[in-house]
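The values are calculated or read from the model by the stated rules, or taken from the named source; none is laboratory data. Since we're looking at a predicted model, the values are computed, not measured. Every residue, glycine among them, receives a Cβ derived from its backbone with ideal geometry; neighbour counts consider all protein chains shown.
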Amino acid sequence: MAAIFKAGNTAVITGGASGIGLALAKKCASYGMKVLITDINEATLSSASSAVQGAIAVKADVSKLDDLAKVKAKVQSDLGGKIHLLALNAGLSVKSSWDDVSAFHKILDANLFGVVNGISTFLPVVQQTAAGGSKTAIVITGSKQGITNPPGNPAYNASKAAVKSMAEHLSWDLRGTPDVSVHLLVPGWTFTALTGATGKNEKPEGAWTPEQVVEYLEKKMAEGKFYVICPDNDVTEESDKKRMLWSVGDIVQGRPPLSRWRDEFKDEANEWMAKQKV
């Protein structure tokens with residue numbers, strides 16, 4: 001990834017004021033890249049702009065195209081109209097239930113349409129940068145909940161399942177453009193504000209730090225991987241693969257959905273995963 005993470009290149013990171021987005025912004029700045037971060041939270045945005053040397057901070061709600069149009073104008077004026085790394089990372093996680101339609105709108109507007117709006121707004125700039133002879137990359141943040149769909153938060157799971165689908169489609173659409181790579185970042189358990197971290201509580205032993213996620217992302221991007229499925233201190237890469245295989249098996253084997261969490265299948269699922277080699 002030396003062609004992406006190098007001095008003079010540019011990065012645009014949505015949701016860049018905290019967590020994984022902030023860790024990625026710091027990583028880019030450490031290479032001497034020009035960094036533009038957006039966030040909806042003014043307080044964290046102000047703090048992040050101080051923490052990331054030289055960063056351009058723009059308040060923006062990714063669910064609003066007009067806000068991203070202002071960010072694009074900033075790219076033109078302050079980044080020379082170039083984007084070498086586009087990270088569509090902004091998102092939120094609030095509980096949803098079937099009797100609260102507003103929660104579905106709130107989550108889907110940010111997590112799904114934030115990505116749709118980001119691609120619509122910035123993809124032409126990324127493509128133009130690549131057409132000028134530069135390697136470029138698009139990183140889209142997904143979630144394991146969008147793959148294995150654990151019960152408990154239908155709106156969040158649906159939003160991240162849709163994000164996975166869109167990232168895959170984008171990769172397909174850009175298959176003839178070798179200078180634009182697409183990567184789906186799927187963090188494991190990460191200690192961020194999205195998972196309840198406030199800065200006043202200690203990181204659980206099982207969780208990764210945002211910095212660990214970014215290091216893993218950089219490694220997998222260097223390997224040319226589209227799927228960046230991060231482990232954590234509790235869940236190994238092998239365990240993730242087994243869980244995903246079991247989930248797909250619900251369809252192939254004709255089991256009821258989300259069988260891994262159903263009492264009548266729990267023992268069978270655990271025994272299968274204990275024996276499975278991946």
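Laid out as a table, the results:
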quantity	calculated
Test: S259 is hydroxyl-bearing (S, T, Y) and within 30 Å of G21 (Cα to Cα)	no
Candidate set: the range 106-127, residues that are polar (S, T, N, Q) and surrounded by 18 or more Cβ atoms within 10 Å (Cβ to Cβ); chosen: the one nearest to K70 (Cα to Cα)	T121
Qualifying residue in the range 160-170 (condition: modelled with pLDDT of 95 or more, among the hydroxyl-bearing types (S, T, Y) and surrounded by fewer than 18 Cβ atoms within 10 Å (Cβ to Cβ))	yes
Listing of helices (runs of 4 or more DSSP H) fully contained in the range 13-101 that carry 1 or more residues being in the same structural domain as Q212 (by TED's automatic domain parsing), modelled with pLDDT of 95 or more and out of contact with any strand residue (DSSP E or B) (no Cβ under 6 Å at 6 or more places or on another chain)	19-30, 65-78
Enumeration of residues in the range 199-214 that are more than 15 Å from G142 (Cα to Cα) and touching a residue at least 24 places away in the same chain (Cβ under 8 Å)	E205, G206, A207, W208, T209, E211
Inter-residue pairs, beta-carbon under 7 Å, first farther than 17 Å from P150 by Cβ and in contact (Cβ under 8 Å) with a residue 24 or more places away in the chain and in the range 262-278, second surrounded by 11 or more Cβ atoms within 10 Å (Cβ to Cβ) and charged (D, E, K, R), 6+ apart	Q276/K242; V278/E238; V278/K241; V278/K242
Total residues in the range 216-265, condition under 16 Å from the mean Cα position of the chain (by Cα) and among the aromatic types (F, W, Y)	3
N201 vs. criteria loosely packed, with under 14 Cβ neighbours inside 10 Å and assigned by TED's automatic domain parsing to the domain that holds K27	yes
Residues within the range 1-55 that are within 21 Å of Q128 (Cβ to Cβ), surrounded by 19 or more Cβ atoms within 10 Å (Cβ to Cβ) and small (G, A, S), tallied	1
